[in-house]
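Heads up: the structure comes next, in structure tokens.
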């Protein structure tokens, strides 16, 4: 199976005053195309840092990150931003929708960077909102939507550019049980029906259970793979 | 409109009060800037409109204004023999020797100000076609009668037809009101030239005005007058002469307006900067999200800069709308070049609109650039952690 993501000898540390805190140590990780991977671990274990590195919004101290055949650690900041626009869909714990834009406009936002015409952007955004079941909420502002609906809009925004990978940082962390279930089913559906590669960081074992594979990260070290029954 | 522009517009709308106050600051500065420019333009236009392209005014060489000029009778006679002067239907030269003196009159608010009294002849009206009799009649030759321009009648005391005015040890009766539109003649009082010379004991004229038969002959006229060894006079097209009359005052007004505007704009720029810094602080997570979605640093910079410019441009447009109402007002002030009162209207021109809008945009950029730079330089991970 082709690996869409490869992390080779990744280390990452942060400086807090004079103290250097090591977050990730010699991480090696291969994620095949079409994988639904859950990364679990206690708070401060480096899950989000790992996700940020894969998504190209942070840089490692050393090592290489290859996504869809591109070593993103060699890209300049502008190149990395352009790369993110086409290759990564990001889902946040707190949805991170732009409050002054409607659901449709939020989903259309990443398409501004693709060079599509206005009509094409509209078509893509409506299709993405249909996939998440919110085609009837196009003109609603985030404040007019429930938490679950907001996260579904965020998922539509993440998939609208048809990215190579979708990364989700605690996507159910702010949702009630029912909404969380809907969001996880949606992610699982994107993986199974559209063969989307999803990398999800979560604390929640029930969320992780929806993934095909679970990896545990503890004190900056990635533990062995565990297949789920999904 | 792209969602990013909508994003900026909606953010402005969301914080209505702050936007309104910032915009009002900008509006005030643009109002001051444009109104002073309109004043300078109005003054200049009033004087430019006073002159006619086909009229020539002859004054003493090096005199800046008619009140400083003296033309002896013999020199006036020599000029009147020039062949390029237009004739009237009776075959007489369309030229007039004129005297300009200043007297102090009381304005309607009780304050004194200098007023031009012009000694004119019977052909003065034919030479200045923009001057039309509105009420009564023009002064008769040899009489102590005067006619007042509409602006001077409106702004000064005792210039109603039939009323009497005392100056130069004589009583003068107002017999007519003339309208010269928005020109300097509307701010003058006209009297008979000979009566005025006697009253002020002036043996010489101030200027000589004549109409050219062919306006393109001006260069011949100028050369003939200025190279004649018997004359120490100079000839100017009337339109250029009056334009020069406005230069000092118009330049002063423009410098004054620009200086005030720059000082005031510092306040408005600081206001915009505070507003935009607050916006950046309130929207750090949104900035992080936009960067994650693939927007580059320069997109964020441009977005915040655009928002600041939108705000300042809206303020600028509001300021221009306010100042445009000034066009309905006529102001009267002392022209320092002629030392006399001049009434004119504020004039809004496309050039002033353009300058004001460019000024607003500059204020928007100056107020928005530092906050926009801060926004664009935020670290993505740190920005996303700001909840």
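Between B:118, B:15, B:128, where does the largest GNM mean-square fluctuation fall for chain B, given springs only between Cα atoms within less than 10 Å? Highest fluctuation of the listed residues: B:15. Rg/Rh, computed from the Cα trace of the stretch B:236-281 with Rh as the Kirkwood radius, has the value 1.45.
Would you mind getting the Kirkwood hydrodynamic radius of the stretch A:1-49 from its Cα pairs, rounded to one decimal in Å?
In the stretch A:1-49 this quantity evaluates to 12.5 Å.
For the residues B:303, B:187, B:151, a GNM of chain B with alpha-carbon springs under 10 Å puts the largest fluctuation on B:303. Placing a pseudo-label 7 Å from each Cα along the Cα-to-Cβ vector at residue A:219 and residue B:132 gives an inter-label distance of 10.1 nm.
Once the stretch A:62-113 is represented by equal point scatterers at the alpha-carbon sites, with solvent omitted, what log10 I(q)/I(0) does the Debye formula produce at q = 0.19, 0.21, 0.22 Å⁻¹? Each listed q corresponds, in turn, to -0.78, -0.87, -0.91.
Listed by Cβ neighbour count within 10 Å, with the fewest neighbours leading, B:186, B:308 appear as B:186, B:308. Look at the stretch A:98-106: the mean tally of other chain Cβ atoms within 10 Å of its residues' Cβ atoms is 6.
Calculate how steeply helix A:177-194 sits against the longest principal axis of the alpha-carbon atoms of chain A, using the helix alpha-carbon long axis, and give the answer as 0 to 90 degrees to the nearest 10. Helix A:177-194 and the main axis of chain A meet at about 80 degrees. In chain A, helical runs assigned H by DSSP with n ≥ 4 each contribute -39500 (n - 2.57); averaged across all residues and rounded to the nearest 500, the mean residue ellipticity at 222 nm is -9500 deg cm²/dmol. Taking every DSSP bridge with both residues inside chain A, close to 55 percent are antiparallel. Projected over all directions and averaged, the alpha-carbon convex hull of the stretch A:121-192 occupies 4.9 nm².
For the Cα trace of the stretch B:62-231, dividing Rg by the Kirkwood Rh returns an Rg/Rh value of 0.98.
Out of every Cα-Cα pair that chain A contains, those further apart than 33 angstrom amount to 15 percent.
Using the count of nearby Cβ atoms within 10 Å as a rough guide to exposure, how do B:374, A:157, A:215 rank from fewest to most?
Ordered from fewest to most neighbouring Cβ atoms within 10 Å, B:374, A:157, A:215 come out as B:374, A:215, A:157.
The calculated FRET efficiency for residue A:11 paired with residue A:79, based on their beta-carbon distance and R0 = 25 Å, is about 0.65. Across chain A, C-alpha contacts under 8 Å between residues 6 or more apart give a mean separation that, scaled by the residue count, equals a relative contact order of 28 percent. When only Cα pairs under 8 Å and 6 or more residues apart are kept, what is the percent relative contact order across chain B? Worked out over chain B, it gives 29 percent. Compare A:92, A:194, A:36 in a GNM of chain A, Cα atoms joined below 10 Å, and give the one with the largest fluctuation. With Cα springs under 10 Å in chain A, the top fluctuation among A:92, A:194, A:36 is at A:194. For a paramagnetic label modelled at 7 Å from the Cα of residue B:74 toward its Cβ, which residues of the stretch B:214-230 fall within the zone defined by backbone nitrogen distances under 16 Å? Answer for this model: B:228-230.
Roughly what % of DSSP beta bridges within the stretch B:62-231 run antiparallel, to the nearest 5? Taking every DSSP beta bridge within the stretch B:62-231, about 75 percent pair in antiparallel fashion.
Of all DSSP-defined beta bridges confined to chain B, some 80% are antiparallel rather than parallel.
Express in % the proportion of alpha carbon pairs of the protein assembly as shown at distances exceeding 39 Å. That fraction is 54 percent. Considering only alpha-carbon pairs that sit under 8 angstrom and 6 or more positions apart, the relative contact order computed for the stretch A:65-176 is 42 percent. Compute the helix-to-body angle for B:16-50: its Cα long axis versus the longest principal axis of chain B, expressed 0 to 90° and rounded to tens. The angle comes out near 20 degrees.
Averaged over the residues of peptide A:78-91, the number of Cβ atoms from other protein chains lying within 10 Å of each residue's Cβ is 3.
Computed from Cα atoms, the angle from the helix B:297-324 axis to the main principal axis of chain B rounds to 30 degrees. Suppose the Debye formula is applied to equal point scatterers at every Cα of the stretch B:324-387; what is log10 I(q)/I(0) at q = 0.22 Å⁻¹? For the stretch B:324-387, the Cα-only Debye profile gives -0.95.
The helix-based estimate of mean residue ellipticity at 222 nm for chain B, built from -39,500 (n - 2.57) per DSSP H run of four or more residues and divided by its residue count, is -17000 deg cm²/dmol to the nearest 500.
Over the stretch B:279-387, the hull volume per residue, using the convex hull of the C-alpha atoms, is 126 Å³. A convex hull fitted around the alpha carbon atoms of chain B yields 173 Å³ per residue.
Normalised Debye scattering of the stretch B:184-322 at q = 0.13, 0.14, 0.17 Å⁻¹ gives log10 I(q)/I(0) of -0.84, -0.91, -1.12, counting only Cα atoms as equal scatterers and leaving out solvent.
With r as the distance between the Cβ atoms of residue B:48 and residue B:373 and R0 = 60 Å, compute the FRET efficiency 1/(1 + (r/R0)^6) and round to 0.05. Here the calculated transfer efficiency is 0.85. Enclosing the Cα atoms of the stretch B:43-141 in their convex hull gives a volume equal to 163 cubic angstrom per residue.
Since every read-out is calculated from the coordinates, none of them should be taken as a lab result. This one's a predicted model, so the numbers in the text were calculated from it and none came from an experiment. All Cβ positions, even for glycine, are placed from backbone atoms using ideal geometry, and neighbour counts span all protein chains on display.
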